[in-house]
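The next block holds one structure in the form of structure tokens; read it before the comments.
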There are 2 protein chains.
Amino acid sequence: MLKSIEGSPLYPIVNPRSVVFFGASNRASAMGTSQLLSLKVLGYQGAVYPVHPKETTVQGLPAYRHIRDIPEIPDLAVIVLTAPLACEALEECAEAGMKSAIVISGGFREAGPEGAAMERRLVETAKTHGMRFLGPNCIGVANPHQQVNTTFLRYEGNPGFIGLASQSGSYVTQMFHYLSQFSLGFSAAFSVGNEANVDIVDCMEYLGACPHTRVIALYIEAIRRGREFVEVARSIVPHKPIVAYYAGGSEMGRRAGFSHTGAMAGPDRLYDGVFRQSGVLRAQSMTELFDFCMALGNLPPPAGRRVMIQTHSGGPGAAAADACGRAGLELPEVSRNAVEKLSPYIPPTGSTANPLDITYSRNVMDYFLKIPKVLLADDAIDIFLFYILMPSDMVRASFRDLGVPSEEVEEKSESFLNNLSSYVAHLREEYGKPLVGFTYRSFNERFVAGLLEQGIPVYAGPERAIRAIQALVRYHEIKSKIRN
Amino acid sequence: MLKSIEGSPLYPIVNPRSVVFFGASNRASAMGTSQLLSLKVLGYQGAVYPVHPKETTVQGLPAYRHIRDIPEIPDLAVIVLTAPLACEALEECAEAGMKSAIVISGGFREAGPEGAAMERRLVETAKTHGMRFLGPNCIGVANPHQQVNTTFLRYEGNPGFIGLASQSGSYVTQMFHYLSQFSLGFSAAFSVGNEANVDIVDCMEYLGACPHTRVIALYIEAIRRGREFVEVARSIVPHKPIVAYYAGGSEMGRRAGFSHTGAMAGPDRLYDGVFRQSGVLRAQSMTELFDFCMALGNLPPPAGRRVMIQTHSGGPGAAAADACGRAGLELPEVSRNAVEKLSPYIPPTGSTANPLDITYSRNVMDYFLKIPKVLLADDAIDIFLFYILMPSDMVRASFRDLGVPSEEVEEKSESFLNNLSSYVAHLREEYGKPLVGFTYRSFNERFVAGLLEQGIPVYAGPERAIRAIQALVRYHEIKSKIRN
């Protein structure tokens, strides 16, 4: 495992001190322009040098005819030209003494034999000059912690803790918004494209050492260096979890991936074996990949697989229990001592079994704080899963019923729900146990949004919550095995 | 199968001309009060008669000491009293000549032997007087087409086409909001509780005949009348699809269900067999139950299982293709004739394979209309699945770039996106083939919301879309088999 990211050849690619852009212009619709603007909009602090054959300024920045005209040797080149011009640009960069590039351009190996020849030329250039480059046929990188985004979509949301290496560029850019819906974000994200020089294993190595990355996510259509993948993954897994979604498992997925990146995938079982050997958790979809990341990056290690379910609704409780059963998790009995302490909060219709079902919610403070405190303190319980039905509407109605003037209702409700979510989030620190919520309501609801902002995972439905809990439990089992 | 709902003993329970309420009062926090208010708020047109031992008016309505004092024999009684009082109330209703009731009250069989005795008393009363009742230990019914809602939560959204019979009350009320997020709604929904007199089979029979119901959804913890379940389901399935989610499949789910409704569930395989024999589609979660309903209630029958995937992003295309492979669906080649017609719309980097990947979206009209029209006209294609990335932000930015005054941008974008979604929705009618979208963006985005409002199913990610397509294909296969 890498000791620090500064030692990685990928460091300047994703933390450049300055960037030269090939392909940005004053045409708003040009892809290179969008990419330059993404970088500017995010507030990138380093110097940005557009190279352009004709213009003297590009998007308000002084433009240069040739890389030689730039007053310094830039740290990183971003190349968004046609394939033949991209080859030339990379050569010019190499000759100017540059060491790092991102080749966004398509039209290489994925386009046929002629493209493959040009790709070999890129590789040759890099080899001769000791250069490293990402791509070609990729979308670039995002490192929101350093205000870096070389992709053509604007970064949305905050910097986060998910380090992504993806064989699909869409699964970098189009996840900016997706993740922001759950208050998640990238620590660093790489679109590896054709992996001519830098591949998914290199990225994994970088992310293993990256201090902002708490969990590594991989989108895989084909692994090219199997042995190295296993070795690098096994060196990282004792320190941080790795989750992978593999889209080449079926014959049809395999064919689709092939036409996309030109790499041949293997059968599902083979990849299952590779992941198992590597200690990598396998997700069944991109949404599940990030579901797992949300739990793995936010939650302390569980002591075991004993899950306590709390609900005030029988159906969601039964569905959660059933999902636990299917996932091989245990539903312990609440200890006698805890049952006694719970009695003031449980109405006669309720049950202190597991699921603990209070049948209706008399008092939100009981439901979200007092009962959880008793359960989290119980040694019989490793993980706490709770059902959330907390519509902002209902809170507003309660404030109105209490006679709060209508112009203050909105603010009072927001602040009440924010405080409540802070108190709940604090339980994780107080008890050091994983805390997970599930709901069927919109994730825009203030209480749910508040929990997510404070790193308490909440899932749409019990099944997703429990799959994520299962991944968390498995990770800590794998980790202790790999360590020994 | 029932010929018409008017012939069903459940008709007055879910289409009452007048309602007598036991348990509503002037205390806002009383459960009976919430239920009476839910009915009023929805705009129920029939007469509502609160019975109250002391008050002369309840929530603004004249209250009656005794059911005898009411000027007519009400159509339906809603009883929200303690268990012993509920027994008395049902007797009074029966003696007054009433034929239908909903017993919301808990504390019956699910509470132990004493409760079980009281439940027998309810059954006896009904039997003696030829009465039918829903419950006890239930939450009532919702029929938004008739402005009927006897549950304690307000109905949200519009009347819809999903007929639900649920062994969990929460999965009636707490789904009002859930469904409204997808522009879905109930045609009629029953919380069956302890099923002392009316059970899930009776409800299924009613929903089979209900003209507003296009698809029947069941939440099941245990089936009590197995043989009747199979018979009734098989008589309905040739006319409309039935989807079930069963929460008792694992030992843990079984135990949770038992403590919830007092019914003993059976092993997973047994239920798998029952569902297969009945022609009922099985969903793996409540979210999946409604995912299936969205496709089954909105889409025309597919001629086969050949799915065309359209994307402008390789990753989502590969993931969709892989999910198709796993679901046993086919990805046909686009016919030569169609490939020719597509050529003006596909850039050189693109592919007319399946997934058809245009690699980037040059023109939204091409992507959402012209290309789909060619593909939908192709005889090789039964079902059309398309990837959606259509942020409102981007549309607003385009209008701004075109020089539209900033105060008009919002309105112009909304109207553009609404029109575009209407055009896309119209393709379903024009070609008579199923059309399904998937996205990773928020369902609040205008274009996605527009599609959902017009009954084009859109799912969060390709896997959910394809599971729903698989259910649609399976339903039409089952239907043709049961018919023969």
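The values are calculated or read from the model by the stated rules, or taken from the named source; none is laboratory data. Model, not experiment: these values are computed from the prediction. Cβ coordinates were reconstructed from backbone atoms using ideal geometry, including for glycine residues, and neighbour counts include every protein chain displayed. Keep in mind that these areas ignore ligands, DNA and RNA; they rest on the heavy atoms of the full protein, side chains included. Shrake-Rupley method; radii C 1.70, N 1.55, O 1.52, S 1.80 Å.
Does A:Arg362 satisfy being within 13 Å of another protein chain (Cβ to nearest Cβ) and surrounded by fewer than 21 Cβ atoms within 10 Å (Cβ to Cβ)? Quick ask: steps written out before the conclusion?
Working: within 13 Å of another protein chain (Cβ to nearest Cβ): yes; surrounded by fewer than 21 Cβ atoms within 10 Å (Cβ to Cβ): yes.
Yes, satisfied.
Based on what the data block shows, is A:Ala96 more than 14 Å from chain B (Cβ to nearest Cβ) and touching a helix residue (DSSP H, G or I) at 6+ places or on another chain (Cβ under 6 Å)? Criteria met by A:Ala96. Screening B:Ser398 on (1) more than 29 Å from B:Arg474 (Cα to Cα); (2) polar (S, T, N, Q); (3) more than 14 Å from chain A (Cβ to nearest Cβ) shows it passes everything except condition (3). Kindly check whether there is at least one residue in region A:179-202 that is open to solvent by 10 Å² or more (accessible area, probe 1.4 Å), in contact with a strand residue (DSSP E or B) (Cβ under 9 Å, 6 or more places away or on another chain), closer than 25 Å to A:Glu119 by Cβ and assigned to a helix (DSSP H, G or I). Scanning region A:179-202, I find at least one residue that is open to solvent by 10 Å² or more (accessible area, probe 1.4 Å), in contact with a strand residue (DSSP E or B) (Cβ under 9 Å, 6 or more places away or on another chain), closer than 25 Å to A:Glu119 by Cβ and assigned to a helix (DSSP H, G or I), so the answer is yes. Cβ-Cβ contacts under 6 Å between residues 6 or more apart (or on different chains), taken from a first residue in region B:447-476 that is more than 17 Å from A:Ser285 (Cβ to Cβ) and more than 12 Å from every other protein chain (Cβ to nearest Cβ) to a second residue that is in a helix (DSSP H, G or I) and small (Gly, Ala, Ser), are listed as B:Phe447/B:Ser421; B:Gly450/B:Ser421; B:Leu451/B:Ser421; B:Gln454/B:Ala425; B:Ile456/B:Ala425; B:Pro457/B:Ala295; B:Leu472/B:Ala295.
Regarding region A:160-170, can at least one residue be identified that is in a helix (DSSP H, G or I), over 23 Å from A:Ser18 (Cα atoms) and within 14 Å of chain B (Cβ to nearest Cβ)?
Yes; the residues of region A:160-170 include at least one that is in a helix (DSSP H, G or I), over 23 Å from A:Ser18 (Cα atoms) and within 14 Å of chain B (Cβ to nearest Cβ).
For region A:311-324, the count of residues that are without any contact (Cβ under 8 Å) to a residue 60 or more places away in the chain, under 14 Å from A:Arg464 (Cα atoms) and in contact with a helix residue (DSSP H, G or I) (Cβ under 7 Å, 6 or more places away or on another chain) is nonzero. Of all the residues in region A:373-406, those that are under 30 Å from A:Gly432 (Cβ atoms) and either in contact (Cβ under 8 Å) with a residue 60 or more places away in the chain or out of contact with any Leu (no Cβ under 8 Å at 6 or more places or on another chain) (or both) number 14.
Based on what the data block shows, is A:Glu205 modelled with pLDDT of 95 or more, of a type in the set (D, E, K, R) and at positive phi? Here the answer is no, as A:Glu205 does not meet what is asked.
A residue that is open to solvent by less than 10 Å² (accessible area, probe 1.4 Å), aliphatic (A, V, I, L, M) and assigned by TED's automatic domain parsing to the domain that holds B:Ala471 occurs somewhere in region B:325-333.
Okay, residues lined up against (1) over 22 Å from B:Glu88 (Cβ atoms); (2) of a type in the set (Val, Ile, Thr):
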position: B:Leu2; (1), (2): yes, no
position: B:Asn15; (1), (2): yes, no
position: B:Ser34; (1), (2): yes, no
position: B:Val41; (1), (2): yes, yes
position: B:Gln45; (1), (2): yes, no
position: B:Thr57; (1), (2): yes, yes
position: B:Ile67; (1), (2): no, yes
position: B:Ile70; (1), (2): no, yes
position: B:Leu76; (1), (2): no, no
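Can you name every one of the strands (runs of 3 or more DSSP E) wholly within region A:25-142 that holds 1 or more residues which are over 28 Å from A:Tyr171 (Cβ atoms), modelled with pLDDT of 95 or more and open to solvent by less than 30 Å² (accessible area, probe 1.4 Å)? Before you say what the answer is, go through the steps one by one.
Working: elements: A:47-51, A:76-79, A:100-103, A:132-134.
Because the criterion is at least 1 residues that are over 28 Å from A:Tyr171 (Cβ atoms), modelled with pLDDT of 95 or more and open to solvent by less than 30 Å² (accessible area, probe 1.4 Å), the strands (runs of 3 or more DSSP E) in region A:25-142 that meet it are A:47-51.
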